[in-house]
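A.B. asks: Right, I'll just put the structure down here and ask away after.
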Amino acid sequence: MNKGYALGGRYEIIRQLGEGGMADVYLAFDRILHRQVAVKLLRLDFRDNPKAKERFDHEATAASGLNNPHIVGVYDVDEVEGMQYLVMEYVDGEDLKQYIHDHSPIDKPTVINIMEQIGSAVEEAHKSGLIHRDLKPQNVLIDKNGYVKITDFGISRAASEDTMTQTRSIIGSIHYLSPEQVKGQMATKQSDIYSLGIILFELLTGKVPFDGETAVSIAMKHSQESIPSVRTIDPTIPQSLENVVLKATAKNPDDRYATVSDFNDDLKTSLSADRSGEAKFVVPSDGDDGETRVMPFAPLKENTALADDKPKSSTKSEETPVEKPQKKRKHRKLKIFIWALLVALLGFLIFAIASSTSNAKVPETNGLVETDAKQKIEDAHLEVGKITFRSSYTIDKGRVIASDPDAGKKVDRNSKVNLVVSSGIKKIRIENYVGQQYKKVARHLKNEGVTVVRRNSPSSTFAAGKILQQDIAAKKRVDPKKTTITFVVSTGIKQIQLKDLTGMTKQQVVNYANEVELNPTFDYEYSDQQKSGRVISTTPKAGVNIQQGSNVAVTISRGKKPVKQKKQEQLRSFNVRITIPFHEDTTNVLNQEQEESSDSAASGSDTQESRKIISQNSSSVPDENVILIYLKDHDHDYSTVYKQMVINKDTTVLLPFKLLDSENGKYKVVRDGQTILRDNNVTYDSH
């Protein structure tokens with residue numbers, strides 16, 4: 001999928017995030033809601049595979065039915081030109097597997113915090129009757145603030161299902177599979193708890209408990225071997241915390257925690273001083289013993305004759321005298337043959353020793369840390385030559401990328417072997433770009449390989465084209481190829497003559513508002529003049545001059561009013577008052593004189609102009625928060641933005657709801673990609 005391609009004319013592809021067995025995941029920009037999303041696209045070779053499509057649809061259905069802040073949200077499912085895709089919440093961070101690799105050893109409170117968040121999500125799935133069946137660090141995402149979300153419900157199943165797929169096949173990732181799944185039995189809630197125990201083991205130790213050259217060997221270990229002691233690997237781990245691992249990973253599901261809630265409760269108190277003297281958990285039963293049994297040999301029958309018991313012939317002593325000289329000649333030839341063989345073997349041995357003392361084989365050092373590589377070279381009777389450093393996206397810093405000569409090549413002893421060592425990823429430093437010209441900054445960052453996303457917002461502080469906000473803090477060093485930075489860019493204050501929107505559809509109004517940078521809000525009422533879904537009127541009215549970024553109230557027709565309406569299903573209108581807290585972001589205040597003085601020569605006139613604006617207004621420029629409000633009631637869809645606004649102080653807003661007696665509404669307020677206010681159970685009676 002090429003960069004810039006817009007799926008369904010809405011989701012603009014930015015870059016690829018990863019590849020899976022059946023689908024590829026891309027970072028995209030939602031042109032309508034002006035936000036980044038993750039798009040999961042079914043691969044071309046699976047688009048005609050009914051099972052792949054079924055799993056793809058199942059993932060969307062399963063995840064969208066769950067409402068938990070630690071489960072990745074699903075926004076949209078669609079198919080365009082034969083391409084089936086899933087639009088999900090984008091988590092700006094990394095998967096837990098990479099996090100463990102980057103941060104191990106991880107302190108115990110952080111481990112418990114991460115596991116509690118994962119457990120919260122799994123508990124929600126279990127309450128909804130879903131078993132994940134493929135819990136692993138690769139399916140756990142963690143953002144830059146340590147906030148955790150789990151994903152990939154593609155092979156989840158309802159707890160009541162009993163299918164051939166569950167009972168006759170191994171489904172899931174082998175390093176985290178429960179013993180019953182390894183045996184092809186049906187997965188239960190306790191199977192997910194076993195996987196949680198393995199993830200906890202890896203968080204504490206930095207590695208999985210069982211590994212091997214083949215999937216079969218790993219599966220056998222899960223089925224037959226006891227989980228290694230985490231305290232043997234790290235003696236600082238308290239026994240109470242190891243006990244959580246041992247109980248969660250018991251071979252028999254009946255010996256594990258009954259629920260994820262029990263697992264979480266035990267985990268929360270595992271570092272408490274009250275449990276410091278706790279005894280080691282002993283599994284009361286271990287299911288199938290799993291021991292390897294050696295079949296006994298069949299006993300010899302009583303009438304079996306042994307070779308030494310055979311009767312000897314009495315004629316042996318009556319051999320003729322002619323046979324004795326023949327035996328002597330045979331013995332002489334045998335001695336000559338043995339001596340010749342010994343001489344040949346001695347010659348070969350001397351040749352081998354001589355060869356080994358003059359030649360050496362270059363050892364395999366790729367992937368080793370520099371010190372280990374040097375030791376391995378010296379152990380092979382060779383010398384370490386020149387060491388050069390090169391940046392790499394695939395080899396960790398300090399590990400060997402290549403050797404010269406190559407591994408396996410025979411060279412003279414004491415020859416020099418040169419090494420190329422990774423200097424890690426080439427990172428760049430993010431500066432404070434607030435107040436600078438967007439085009440100039442974007443051009444510079446794109447040349448460095450950074451993905452740049454622009455969002456517009458009116459501002460009375462900065463002129464049009466100047467940067468108001470950035471979502472990555474100044475001075476931070478980042479990998480340009482894996483970094484997306486979002487800038488909120490000022491559109492200034494511009495007067496717009498409002499167009500006559502009467503008769504337009506809601507989508508046409510949204511398109512017009514995006515084009516001229518207005519913020520529409522929608523209300524609905526019955527009308528005999530306009531068809532359902534068409535604009536009746538606007539406030540302010542058409543032809544009025546308003547400022548860019550202003551709100552426009554748009555009233556849309558529900559169609560003609562029905563003749564009768566059941567009393568018990570009255571449509572009630574009411575308001576919900578909320579106060580949105582203002583968050584001051586110091587990255588948007590250009591008062592860092594020491595930092596800017598060193599960059600003044602490179603900043604040019606744009607920085608000088610920004611400083612003039614600041615000095616004219618005040619000693620520090622007030623921050624501006626860009627706020628997105630989502631609302632769901634009888635007339636509004638939760639997947640679209642109800643209202644966008646910019647605030648520079650705590651702001652009170654009235655949210656209008658229209659609900660039937662049987663309906664529940666909900667709302668959420670998002671600031672800089674984070675949900676700060678939410679209510680999922682708004683009713684007329686509760687307000």
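A.B. asks: Output the residues belonging to the stretch 370-394 that are among the aromatic types (Phe, Trp, Tyr) and surrounded by fewer than 14 Cβ atoms within 10 Å (Cβ to Cβ).
C.D. replies: Once the filter is applied, which keeps residues that are among the aromatic types (Phe, Trp, Tyr) and surrounded by fewer than 14 Cβ atoms within 10 Å (Cβ to Cβ), the stretch 370-394 yields only Tyr393.
A.B. asks: Could you tell me which residue of the stretch 507-557 is surrounded by the fewest Cβ atoms within 10 Å (Cβ to Cβ), considering only residues that are on the phi > 0 side of the Ramachandran plot and at pLDDT 85 or above?
C.D. replies: The extreme case among them is Gly543.
A.B. asks: Of the conditions (1) at pLDDT below 90; (2) surrounded by 18 or more Cβ atoms within 10 Å (Cβ to Cβ); (3) under 22 Å from the mean Cα position of the chain (by Cα), Glu19 satisfies every one except a single condition; which number is it?
C.D. replies: With (1) at pLDDT below 90; (2) surrounded by 18 or more Cβ atoms within 10 Å (Cβ to Cβ); (3) under 22 Å from the mean Cα position of the chain (by Cα) applied to Glu19, the lone miss is (2).
A.B. asks: Given Ser415, Ser459, which one is within 30 Å of Val384 (Cα to Cα) and either at pLDDT 85 or above or surrounded by 15 or more Cβ atoms within 10 Å (Cβ to Cβ) (or both)?
C.D. replies: Exactly one residue qualifies, and that residue is Ser415.
Conditions (1) within 27 Å of Ile425 (Cα to Cα); (2) exposed (fewer than 15 other Cβ atoms within 10 Å of the Cβ); (3) among the hydrophobic types (A, V, I, L, M, F, W, C), marked per residue:
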position: Tyr90; (1), (2), (3): yes, no, no
position: Asp95; (1), (2), (3): yes, no, no
position: Pro105; (1), (2), (3): yes, yes, no
position: Gly119; (1), (2), (3): no, no, no
position: Val122; (1), (2), (3): no, no, yes
position: His132; (1), (2), (3): no, no, no
position: Leu135; (1), (2), (3): no, no, yes
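A.B. asks: Give me the residue from the stretch 644-687 that is surrounded by 15 or more Cβ atoms within 10 Å (Cβ to Cβ) and among the charged types (D, E, K, R) and, out of that set, nearest to His634 (Cα to Cα).
C.D. replies: Per the criteria, the residue is Lys658.
A.B. asks: Now a separate question. Condition (residue is under 21 Å from Glu515 (Cβ atoms), of a type in the set (Val, Ile, Thr) and modelled with pLDDT of 85 or more) applied to the stretch 435-456: is it met by at least one residue?
C.D. replies: yes
A.B. asks: So, one more: Scan the stretch 72-86 for residues that are of a type in the set (Asp, Glu) and over 25 Å from Thr675 (Cα atoms) and jot them down.
C.D. replies: Of everything in the stretch 72-86, those that are of a type in the set (Asp, Glu) and over 25 Å from Thr675 (Cα atoms) turn out to be Asp78, Glu79, Glu81.
A.B. asks: While we're looking at this one, here's another question. Could you grab me the full set of residues in the stretch 222-253 that are within 20 Å of Thr269 (Cα to Cα) and charged (D, E, K, R)?
C.D. replies: Passing the criteria: Arg231, Asp234, Glu242, Lys247.
The values are calculated or read from the model by the stated rules, or taken from the named source; none is laboratory data. This is a predicted model, so every value here is computed, not measured. Because the Cβ atoms are built from the backbone with ideal geometry, glycine has one as well, and the counts that use them run over all protein chains shown.
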